[in-house]
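> The following block contains the structure, expressed as structure tokens.
Bear in mind these aren't lab numbers, they're just calculated from the coordinates by the rules spelled out. All values reported here derive from a predicted model rather than from experimental measurement. Here the Cβ positions follow ideal geometry from the backbone for every residue, glycine too, while neighbour counts run over all protein chains shown.
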Amino acid sequence: MINPNEITQCLNLARALDLITSSRTVGGVLYVYNSAGHAKSWDSFMAEYPLERLQAMVKKRT
């Protein structure tokens with residue numbers, strides 16, 4: 001299970017990579033939104049972009 005600090009780190013990295021623009025909780029489920037306004041559940045987003053992948057993507061940009 002991912003801890004709150006890792007969630008914050010993932011959200012910040014995803015925003016820095018322009019993968020998401022916002023997030024919110026609806027009915028106890030965290031959703032992230034892309035620039036087109038499309039929502040994806042946090043679990044679905046994390047399956048596609050785990051913390052390690054986000055960190056590697058940031059390193060490639062620098």
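> What percent does the relative contact order of the chain come to when contacts are Cα pairs within less than 8 Å and at least six residues apart?
Worked out over the chain, it gives 27 percent.
> Still on this structure: Note down the nm distance, to one decimal, between modelled labels 7 Å out along Cα→Cβ at R61 and at S35.
The answer from the label model is 1.1 nm.
> Placing one identical point scatterer on every Cα of the chain and ignoring solvent, what is log10 I(q)/I(0) from the Debye formula at q = 0.13 Å⁻¹?
Rounded to two decimals, the profile gives -0.31.
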